[in-house]
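What follows is a short report on a single structure.
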Amino acid sequence: MADLSFPLITAAIGIPAVAAVAAFTNNARARMAGVAGAVGASLCSLEILREVSAAGNAKLAEPWSLGLFTADNLNATFLVLYSLLTLGILILAPRRDTSAKITGTTLLVLAATLSAYGADNLIVLAAAWILSALPFIAGPFTGSWRPRAGLAASCIALVGAISIIVSAAQAGGDTQPFSIASLAGHNYGGQAAFALLIVAIVCRKGIFPAHAWIEDAAEAGPVLPVCLFINGHFGAFLLARVVIPDFPLSAQGTFPILSDLALFTAVYAAIRAVAETRARRILALLVLSQSACILAGLESATQEGVTGALVHCVVVAVATTGLFGVLRLMEVRFNRSFTTEHYLGFSEYTPRLAVFFVVCGLALVGLPGTLGFCSEDLLIHGTLISHPQVGLLLPMATAMNAVSLFRLFSRMFTGTQRTGIQGIADAVPRERWVLAAIVFFIVAAGMMPNVAVALRANAAHEISQALGHPVAFLTGH
Amino acid sequence: MTQLQLILLGVVLTPGVVFALFSILWLLGWDAPERSLTRITAVVYSAATAAVAWMAWSMHMAGVESVAVPLGDWFTVHDYHFPLVLLGDRLALPFLALTVILVGLIGQFSATYLHRDPGFARFYILLHLFAFGALLIFSAGSFDLIIGGWEMVGITSVLLISFFHYRLGPVDGAMRVFTVYRACDIGLITAAFAMHHYAHTSSFADGMPHLSNSDATVIGLLLLLSAAGKSAQVPFSGWLPRAMEGPTPSSAIFYGAISVHAGAYLLLRAQPILIESPIASGAVVLIGLMTAVHGTIVGRTCADAKTSLAYAALAQVGVVFMEIGFGWTWVPIMHILGHAMVRTLQFLRAPSMLHDYHQVHAAAGGHLEKTGKHLESMFPQSMQLWIYRLAMDRGHLDTILERGFVEPLLALSRLLAKLDRMGLGTAEPAEKQAVLLRGVKEEGAIDG
């Protein structure tokens with residue numbers, strides 16, 4: 001295996017970790033430290049992506065890192081995406097959301113998330129998984145008990161699964177029992193480990209019946225860190241990184257059920273959103289529904305579905321960052337949380353925020369000309385091929401999500417002529433540039449979707465091969 | 001690329017480029033002068049009209065039946081391709097011409113109609129997006145590409161209905177239209193998938209792929225669902241009168257001319273598939289017949305000009321659907337072109353209807369015969385009352401859809417919300433905590 005030119009993954013993790021310390025110690029400069037940390041992580045991640053692409057999407061090990069981290073086509077994109085999203089959120093966040101505590105913890109979550117993406121070691125993966133969830137379990141980002149319970153359950157299930165896998169690997173005489181790559185196809189731990197991994201995914205991803213914590217987290221927690229956390233898509237990543245390569249036979253047998261469950265979750269969340277009145281919950285339900293579509297696509301075992309899922313991860317992450325960002329900016333401007341019980345007509349004061357909101361929202365539900373159109377198209381084709389009957393639920397869920405989103409937009413921004421509000425600014429330059437970058441990315445990538453598809457093609461091919469032809473995958477033919 | 005291919009590409013892409021340019025400039029803070037917007041619009045659509053005319057003339061003289069512009073695949077995954085191919089043939093060209101002519105005319109009409117309206121620039125930006133979407137539908141060489149244009153026309157339609165966004169009526173109407181569009185679009189999306197599945201391509205640039213009877217029935221019915229939604233056919237007709245809340249120029253071009261006929265165009269394009277399936281063809285005729293009757297009856301009880309015109313348009317599009325179902329091609333095309341022109345004129349003159357009426361009244365020497373009594377006289381008194389009640393409630397279509405689909409869905413949603421809250425006790429603790437954490441002062445009920 002070739003090496004990266006420099007310990008870039010360690011650098012991408014280390015820089016935000018150092019910046020977090022700086023943010024914690026200097027409340028006045030917390031945002032600046034956060035931005036610096038995220039810029040450093042983004043630059044390292046971009047270089048990793050460049051080197052992986054230059055190496056023909058081969059897996060690259062990190063020099064001097066004891067085999068803890070590797071970079072490949074699957075995680076390089078996630079590293080870039082997450083670093084840039086964090087950067088965007090740190091710039092976009094209103095001042096009251098950039099205290100030392102919030103910024104420092106956000107940077108720690110970034111470091112932990114990048115560690116999980118880059119991990120080629122089960123212990124590192126488990127540690128990063130737990131560390132990234134810790135602020136939402138123990139504070140300072142805690143909300144009601146359900147997010148704490150859901151995330152704790154996912155951590156416990158993952159630790160349990162990894163313990164079983166490592167024990168079985170050691171018992172089987174494997175010389176590298178902690179290496180994710182070397183475990184591929186061995187089925188260490190059997191059904192017990194597989195089942196626990198699935199529990200970890202279901203809990204972390206918010207698949208029915210473990211879905212409600214995401215709504216609660218969005219409603220009761222600080223919305224921007226929660227948005228960032230949800231958009232890590234750790235559940236889908238664990239599925240693609242560990243479950244499918246290590247348990248291809250079990251996965252192939254179990255995935256039709258899981259896929260149906262994911263589709264059910266997509267429809268369930270979409271139906272829930274139809275009559276929901278609280279803006280944060282509506283957005284959380286839309287994220288939940290669209291994230292479940294990602295899982296359904298991954299589990300479709302078709303190359304269209306898997307590619308669609310991997311591209312849709314990007315769309316959901318970017319678009320929901322825009323949506324939650326605009327919502328938070330509106331909450332701060334008007335000093336209230338929003339519901340859809342009344343028409344508020346705020347577009348008169350914030351026309352550009354309204355446009356950003358509607359574009360991000362429509363991209364999330366597959367507006368043509370945005371990357372969402374391409375990913376939805378692939379997802380729908382993939383799931384309809386693998387599940388012709390229940391696959392029809394996916395376009396239905398997407399249609400309902402679109403209606404819920406448009407309802408939220410209508411209620412927040414239109415419907416009445418408001419008077420007597422003064423001193424409300426539309427998007428200020430700092431916010432405008434971040435939101436414009438989000439919209440530009442969504443539209444530009446939508447115009448040239450082949451670039452995004454090509455970035456995910458190799459990973460999608462490996463996943464669909466492992467699921468579609470597990471025996472050939474195991475024997476390497 | 002040949003000259004004809006370049007012309008077709010230019011005609012379709014130019015409105016999209018203008019839309020993108022205007023949008024970016026607006027986002028950057030440009031306060032567009034009205035004159036610049038209208039002049040650019042006039043130049044673009046005059047040039048486009050000339051280009052389409054030139055293209056049609058060149059094709060006629062050279063005896064060319066169609067011009068295909070293959071632009072490769074938009075994206076490719078494994079053996080799935082999203083073909084980017086434009087097609088200018090005898091079906092597409094009249095619709096392309098209709099679109100560029102009417103958008104140009106509406107652009108000029110709106111310069112006066114919307115003068116000094118705060119949403120002037122927004123209207124023109126959306127008009128260009130609409131033109132791009134419509135031209136994409138009419139020139140698409142594959143069902144996948146039609147979806148792209150279809151969705152653009154849909155979203156533009158919705159945003160223009162809620163043009164006067166500070167009033168409740170337009171916003172509610174837009175919500176209704178958006179819901180119907182999204183529900184019916186499932187038909188087109190699934191039909192495109194079915195085309196890939198059955199024929200291994202969704203492209204028809206080289207002729208419509210041959211399908212078996214059963215496959216043709218499935219695809220035909222799915223396309224009919226989508227076409228019925230877009231063309232406001234029964235049972236989805238209820239959204240059309242609500243769409244009249246938008247500015248009159250957009251009502252004219254959307255619901256008198258282009259958008260309302262997009263469904264008919266889709267069926268015309270898919271006519272080789274419909275011919276393969278008597279069931280699908282029969283369904284098209286039936287839906288068209290029901291809509292024609294529905295539009296005629298309901299239109300007679302409408303109290304305002306635009307709604308009356310909307311139902312009149314509905315009835316005519318119903319007849320067009322029937323013609324398509326019978327397997328005719330040129331009759332529905334001519335019907336659409338004539339109807340679109342006349343209806344656009346009527347819509348544009350609707351705000352001046354009383355003025356026009358007085359002019360006609362005076363020209364006729366003050367003696368205008370009352371018309372329209374013959375239809376009622378064909379039925380017995382009791383049935384007349386029953387039909388009147390039916391027509392007043394617009395065929396109960398909205399009531400049926402609301403009671404049959406919307407209310408059960410909302411009830412299910414609320415039930416699921418209750419289930420989700422189980423185990424939480426009350427939601428207050430979480431919300432109180434939220435207030436503390438997010439630093440937002442809770443204000444209780446939000447004033448409307």
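The values are calculated or read from the model by the stated rules, or taken from the named source; none is laboratory data. What you are looking at is a predicted structure, and each value in this text was computed from that prediction instead of being measured. Positions of Cβ are backbone-derived with ideal geometry, glycine not excepted, and every protein chain shown enters the neighbour counts. Note: accessible area is taken over every heavy atom of the protein model, side chains too, but ligands, DNA and RNA are not part of it. Shrake-Rupley method; radii C 1.70, N 1.55, O 1.52, S 1.80 Å.
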A:R29: accessible area at probe 1.4 Å, nearest 10 Å²? 140 Å²
About its Cα centre, what dipole magnitude does the protein assembly as shown give when the only charges are +1 on Lys and Arg Cβ and -1 on Asp and Glu Cβ, stated in debye to the nearest 20? 2200 debye
Find how much the distance from A:T175 to A:R96 grows on full extension, using 0.36 nm per residue of separation minus their present alpha carbon separation; answer in nm with one decimal. 23.4 nm
For segment A:360-436, what Kirkwood radius comes out of the mean inverse Cα-Cα distance, in Å? 15.2 Å
How much accessible area does B:V218 have with a 1.4 Å probe, in Å² rounded to the nearest 10? 60 Å²
Calculate how steeply helix A:393-413 sits against the longest principal axis of the alpha-carbon atoms of chain A, using the helix alpha-carbon long axis, and give the answer as 0 to 90 degrees to the nearest 10. 30 degrees
At most 15 other Cβ atoms within 10 Å and a DSSP loop assignment: could you name the trypsin sites (Lys or Arg not before Pro) in segment B:30-100 that fit? B:R90
Cβ under 12 Å from A:G366's Cβ, A:G366 left aside: what net charge do those residues give with Lys, Arg +1 and Asp, Glu -1? -3
Taking a probe of 1.4 angstrom, what is the accessible area of B:R300 in Å², to the nearest 10? 100 Å²
Pseudo-spin-label distance A:R50 to A:A127, built 7 Å along Cα→Cβ, given in nm, is 3.0 nm
Rounded to the nearest percent, how much of the accessible area of chain A (1.4 Å probe, protein heavy atoms only) is carbon and sulfur? 68 percent
For B:I275 and B:T2 in one chain, what is 0.36 nm times their gap in residues minus the Cα-Cα distance, to one decimal in nm? 94.9 nm
Amide H neighbours of A:S337 under 5 Å, at least 5 residues apart or on other chains, H built in the peptide plane: list them. B:E443
Please turn the phi angles of segment B:341-355 into ³J(HN,Hα) values with the Karplus equation 6.51 cos²θ - 1.76 cosθ + 1.60 (θ = phi - 60°), one per residue in order, whole Hz, x for glycine and proline. 5, 5, 5, 4, 4, 4, 4, 5, 8, 4, x, 9, 4, 5, 4
Sequence neighbours fewer than 8 away in the same chain don't count; with that in mind, list the aspartates and glutamates whose C-alpha is under 14 Å from A:K59. A:D3, A:E51, A:D72, A:D120, A:E462
Could you pull out the pairs from B:K230/B:K370; B:K230/B:K418; B:K230/B:K306 whose alpha carbons sit more than 25 Å apart here? B:K230/B:K370; B:K230/B:K418
Could you order A:L371, B:L71 by accessible surface area, starting with the largest, using a probe radius of 1.4 Å? B:L71, A:L371
Determine the total buried accessible area between chain B and chain A, counting protein heavy atoms only with a 1.4 Å probe; round to the nearest 100 Å². 6100 Å²
Farthest towards the positive end of the dipole of segment B:259-352, among B:P351, B:V285, B:V260 and with Cβ unit charges of +1 on Lys and Arg and -1 on Asp and Glu, lies the Cα of B:P351
Accessible surface, per residue, of segment A:121-246 when the full set of protein chains is kept, probe 1.4 Å, Å²: 28 Å²
Once you have the alpha carbon radius of gyration of segment A:121-246, what is it after dividing by 2.2 N^0.38 Å, with N set to its residue count? 1.08
Just to confirm the number: angle between the C-alpha axis of helix A:190-205 and the first principal axis of chain A, 0 to 90 degrees, nearest 10? 10 degrees
What does the charge count around A:L68 come to, taking other residues whose C-beta lies under 10 Å from its C-beta (Lys +1, Arg +1, Asp -1, Glu -1)? -2
If each DSSP helix of 4+ residues adds -39,500 (n - 2.57) and the sum is divided by the residues in chain B, what number results at 222 nm, nearest 500 deg cm²/dmol? -23000 deg cm²/dmol
For segment B:291-323 and segment B:242-269, compute the distance between their C-alpha centroids and round to whole Å. 13 Å
Given Cβ point charges of +1 (Lys, Arg) and -1 (Asp, Glu) and nothing else, what value in debye, to the nearest 20, does the dipole of chain A about its Cα centre take? 1520 debye
In order over segment A:87-93: 3J(HN,Hα) from phi, Karplus 6.51/-1.76/1.60, θ = phi - 60°, whole Hz, x for each Gly or Pro, gives 4, x, 5, 5, 6, 6, 4
Put a dot 7 Å past each Cα toward the Cβ at B:H355 and B:E65; how far apart are the dots in nm? 4.9 nm
Roughly how many whole Å is it from the C-alpha centroid of segment A:43-67 to that of segment A:278-348? 31 Å
Tell me what chain A gives for mean residue ellipticity at 222 nm when only DSSP H runs of n ≥ 4 count, each as -39,500 (n - 2.57), the sum divided by the residue total, rounded to 500 deg cm²/dmol. -24000 deg cm²/dmol
Could you tell me what a quarter of the Cα convex hull surface of the protein assembly as shown works out to, in nm² with one decimal place? 40.3 nm²
Ordering B:H358, A:H342 from largest to smallest accessible area (1.4 angstrom probe), what's the sequence? B:H358, A:H342
Taking amide H atoms as placed 1.01 Å from N in the peptide plane, list the residues 5 or more away in sequence, or in a different chain, whose amide H sits under 5 Å from that of B:L87. B:V69, B:A140, B:G141
With the dipole of the protein assembly as shown worked out from charges on the C-beta (+1 for Lys and Arg, -1 for Asp and Glu) around the Cα centre, which of A:L298, B:V406, A:A200 lies farthest toward the positive end? B:V406
Need the full-extension length gain, B:K370 to B:E407, defined as separation in residues times 0.36 nm minus the C-alpha distance. One decimal, nm. 9.0 nm
As I understand it, the value is the acute angle between the Cα axis of helix A:8-25 and the longest principal axis of the Cα atoms of chain A; what does it come to in degrees, rounded to 10? 40 degrees
Under the rule of at least 5 residues apart or a separate chain, name every residue whose amide H is placed under 5 Å from the amide H of B:Y166. A:G415
HN-Hα J couplings of segment B:195-212 from phi, Karplus 6.51/-1.76/1.60, θ = phi - 60°, integer Hz, Gly and Pro as x? 4, 4, 5, 7, 10, 6, 6, 10, 7, 10, 5, 9, x, 5, x, 7, 10, 6
